[in-house]
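Here is the structure we will look at, set down as structure tokens.
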Amino acid sequence: METALSIKYLIQEPKVKKDKNPLILLLHGYGSNEEDLFSFASELPEDYYIVSVQAPYPVPPYGYAWYAIHFDADANKFSDDQQAIESRDLIVKFIDELIQTYPIDAAHINLVGFSQGAILSYAIALSYPEKINKAVALSGYFNANIIKAGFEQNDFSQLQFFASHGTVDQVIPVDWARKTSPILDALQIKHQYKEYPVGHGVHPLNFMDFKNFLLG
């Protein structure tokens, strides 16, 4: 049963409880909701708290977004970066609330984000690397505009990323995702980058690979 915190969420408590357990925080994509990625929960490690959150902005009919996406007359997409920054910091506040509410190991906070949730996972982990252990960015890309100014000077020595993308993604071009590895290399952040023969979704092999990354 969830306790009222600043974001609506679903939680699966660990089957094996220790003094403190690690956390996997699931961040859904644009137009989805907290139930989407929570379908992974039963397949994830049993000794983790699994928390799936609902983004703050409604997208009719049944979905939510972390920030708005606008289209201009030529059908170019523009992200509302200010909303994205507010969502970034809302999630960081929520992580602190979770640690105060449940016996969660603050040294083992892990993010799994899909699409818009993946873009935010980069922003959270690179803005606040002291708070994040591992981050999984599924079908997203790196948006420097929503990362805290001066983030390049942060200590990333404890941070690890797993990034993946579908080679035929029709929503976010794979070329955008391919820019990730050189950026993380330049920041000397340990990471894996993999591609799978799918569109804007999570291939079964992709699921196994990121699960192994989290357990590794």
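Here the stretch 1-160 has 50 percent of its accessible surface on carbon and sulfur atoms, given a 1.4 Å probe and all protein chains in place. Within a straight-line Cα-Cα reach of under 25 Å, residue 15 can be paired with the following lysines, leaving aside sequence neighbours fewer than 8 residues apart in one chain: 131, 134, 211.
Once both labels are positioned 7 Å from their Cα atoms along Cα-to-Cβ, the gap between residue 57 and residue 155 label points is 3.5 nm. Counting only the Cα atoms, the chain fills a convex hull of 123 Å³ per residue.
Which order do you get for 13, 130 if you rank them by accessible area with a 1.4 Å probe, largest at the top? Write out the running numbers ahead of the final one.
Working: 13 70, 130 130 Å².
The most accessible residue leads, giving 130, 13.
Report Rg/Rh for the stretch 125-197, rounded to two decimals, where Rg is the Cα radius of gyration and Rh the Kirkwood radius. Mind showing how you got there, number by number?
Numbers: Rg = 12.3 Å, Rh = 12.7 Å.
In the stretch 125-197, Rg relative to Rh is 0.97.
Let me know the Kirkwood hydrodynamic radius for the stretch 1-73, please, with Cα pairs as the basis and the value in Å to one decimal.
Working: mean 1/r = 0.0745 Å⁻¹.
For the stretch 1-73, inverting the mean 1/r across all distinct Cα pairs yields 13.4 Å.
The residues of the chain present an accessible area of 46 Å² per residue when probed at 1.4 Å with all protein chains retained. Each residue was assigned an accessible area with a 1.4 Å probe, and for residue 126 the value is about 0 Å². Between the stretch 1-69 and the stretch 166-215, the C-alpha centres lie 21 angstrom from each other.
If R0 is taken as 41 Å, the Cβ-Cβ distance between residue 170 and residue 19 corresponds to a FRET efficiency of 0.35.
The values are calculated or read from the model by the stated rules, or taken from the named source; none is laboratory data. What you are looking at is a predicted structure, and each value in this text was computed from that prediction instead of being measured. FYI the Cβ positions are ideal-geometry reconstructions off the backbone, even for glycines, and counts take in every protein chain you see. Calculation scope for accessible area: heavy atoms of the full protein, side chains included, ligands and nucleic acids excluded. Shrake-Rupley method; radii C 1.70, N 1.55, O 1.52, S 1.80 Å.
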